[in-house]
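Participant: Before I ask anything, let me first share the structure, which is written out below as structure tokens.
The values are calculated or read from the model by the stated rules, or taken from the named source; none is laboratory data. What you see is a predicted model; the values in this text were computed from it and never measured. Cβ coordinates were reconstructed from backbone atoms using ideal geometry, including for glycine residues, and neighbour counts include every protein chain displayed.
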Amino acid sequence: MQTTKLSANSILPLTCSRAGTCCFGKAVMLNPWELFSFSKEKKVTPREFRDLYTDFGGIRLTFNGKEDKKGQKACSQYIDNVGCSVHQGRPLACRLYPLGRQIQFDKAHYIYEGKQFPCLTDCAEVLELPKLSVGEYLKGQGANPFEKAQDEYLIMMQNIADIAFELLLDSGLAASGDTKTLATWREMGNELPENLAHRIGKDWVDSLMVPEIKDEVENPTSFAQKHNNLLQLKAQKEFENIQTHQELHEASILIMGVALHLSRGLGADTKGIAEHWIDIAKSNGAKE
């Protein structure tokens, strides 16, 4: 599929995201800040929102509502003839739609797939709406704090993966001739999200998606950084006394699984990321 890249000054009929078809048949992935924002708007706890309205431990919004004329189910937060019931708390994917966001060399680019703007086929009424630049659209959608959250969680994803590298490379595990760890990293990169969630277990999934941040945090950067600190502390406590190669292997797999599960919630290429991390480990002496 051809991808069209846009600048912030590109002019398109971007007001189409208000037309409603974006609420049917989509895969809306969530990071922990977005789950927290949804819960605030819904006036429930993040855990309650996660358990009621998301899949795979919280990384994907559930679409189980009324079907449209194409047989696509509506988002669980969509109310027929009204629209999104938690519009102010909606995640970045909804704020950007129909655009995607791609990070290259620490710079964000906005993209859509195909040669024709996606909404023109399903929402012909957008042709009569005012056109906006991409930058104007993003500002109107309040995307900035959610972009910051996404970027902070990309950093946290790498921080979590770094623990898996340390457990493999700095502990003597790789030097022992271990080949099972990288093979399992690859397996997890290809694993179905429900299977990966089961593999890492409820305790780690909860810590990843519904962190117990007791302070009232409105800033997504602070939220993500506090969350990162909690996960680093949890890993330190859980892994500080392990000694055997088998324990190191299991710990490296567990924490890499957490990083890969988060990557899927961020809408990243989980398989590609796993392969990238495997290549890095191999270049530092690990074997497969």
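Participant: Of all residues in segment 40-62, how many are of a type in the set (A, V, I, L, M, F, W, C) and more than 19 Å from residue 264 (Cβ to Cβ)?
Facilitator: If we filter segment 40-62 for residues that are of a type in the set (A, V, I, L, M, F, W, C), which is where we start, we get 44, 49, 52, 56, 59, 61.
Narrowing further to those that are more than 19 Å from residue 264 (Cβ to Cβ): 44, 52.
Here the count works out to 2.
Participant: Write out, first by first residue and then by second, each pair whose Cβ atoms fall under 6 Å of each other, whose residues are 6+ apart or on separate chains, and whose first residue, in segment 151-167, is under 20 Å from residue 29 (Cα atoms) while the second is surrounded by fewer than 19 Cβ atoms within 10 Å (Cβ to Cβ).
Facilitator: From residues that are under 20 Å from residue 29 (Cα atoms), the pairs are 152/221; 156/228.
Rundown of residues vs (1) over 30 Å from residue 61 (Cα atoms); (2) of a type in the set (Lys, Arg); (3) part of a loop (DSSP other than H, G, I, E, B), yes/no style:
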site: 171; (1), (2), (3): yes, no, yes
site: 185; (1), (2), (3): no, no, no
site: 198; (1), (2), (3): no, no, no
site: 217; (1), (2), (3): no, no, yes
site: 267; (1), (2), (3): no, no, yes
site: 275; (1), (2), (3): no, no, no
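Participant: Assess whether residue 64 counts as being polar (S, T, N, Q) and without any contact (Cβ under 8 Å) to a residue 12 or more places away in the chain.
Facilitator: no
Participant: Just name the residue that is surrounded by the fewest Cβ atoms within 10 Å (Cβ to Cβ) out of those in segment 240-263 that are in contact with a Ser or Thr (Cβ under 8 Å, 6 or more places away or on another chain) and not hydrophobic (A, V, I, L, M, F, W, C).
Facilitator: 245
Condition check ((1) under 21 Å from residue 35 (Cα atoms); (2) modelled with pLDDT of 95 or more; (3) exposed (fewer than 13 other Cβ atoms within 10 Å of the Cβ)) across all residues:
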| residue | (1), (2), (3) |
| --- | --- |
| 58 | yes, yes, no |
| 65 | yes, no, no |
| 70 | no, no, yes |
| 76 | yes, yes, no |
| 83 | yes, no, no |
| 95 | yes, no, no |
| 101 | yes, no, no |
